[in-house]
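Nothing in this text is a laboratory measurement; each read-out follows from the coordinates by a stated rule. Since we're looking at a predicted model, the values are computed, not measured. Neighbour counts run over all protein chains shown; Cβ positions are idealised from the backbone, glycine included.
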Amino acid sequence: MTNSGNELSGFATIGALVVGFGGYWLFRFSGVPFHTMVSAVSAMAIALGIGAPLGLVVGHLLSSDGQVDTKAYKIVAWGNLVGWLVPAIGMCLSFITWQFSRRSEESPYFYKILSNIGGLLAMTSAAIGAVRLI
């Protein structure tokens, strides 16, 4: 029996729901006001809504033309760790790096790890920035 992408997608959905509800209750029991949580989640949604489509399209266009295991592509991937300072740019670079991982033959896990780290840092930056504005 082979493992299909749909099974992994189902596990990812369940994991996201557990983390989402767990985070909500953790912050509610910690005394974080509701409007603060809403502003943080809104900022993360905006960063994801801007960065994801751009990153998917640009990453697909960049990775479809050539070998993604060259130095130029790795520089873009490492730039992902700086781009998180502006959340939308960080999410865009994170999705570009993720697209590189799909095309890489030599080091797909290198790109996946950088993509995950950059995406988490961008989301954290968005949430912290929104909370500081309140």
Charged-residue dipole, Cβ positions (Lys, Arg, Asp, Glu), the chain about Cα centre, Debye nearest 20: 320 debye
For the chain, what is the calculated [θ] at 222 nm in deg cm²/dmol (nearest 500), taking -39500 (n - 2.57) for each run of four or more DSSP H residues and dividing by its residue count? -29500 deg cm²/dmol
Considering only Ser64, Ser101, Ser39, give the residue with the highest GNM mean-square fluctuation for the chain, with springs between Cα atoms whenever their separation is below 10 Å. Ser64
Take the Cβ-Cβ distance between Ser42 and Lys112 as r, set R0 to 35 Å, and report the resulting FRET efficiency rounded to the nearest 0.05. 0.80
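Starting from the Cα coordinates of the chain, work out the convex hull volume and express it per residue in Å³.
Per-residue hull volume (Cα only) is 115 Å³.
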Given springs between every Cα pair under 10 Å in a Gaussian network model of the chain, which of Ile75, Ile89, Ile113 has the largest fluctuation? Ile75
Checked against the positive end of the charge dipole of the chain (+1 on Cβ of Lys and Arg, -1 on Cβ of Asp and Glu, about the Cα centre), the farthest of Val58, Ala72, Ala16 is Ala16
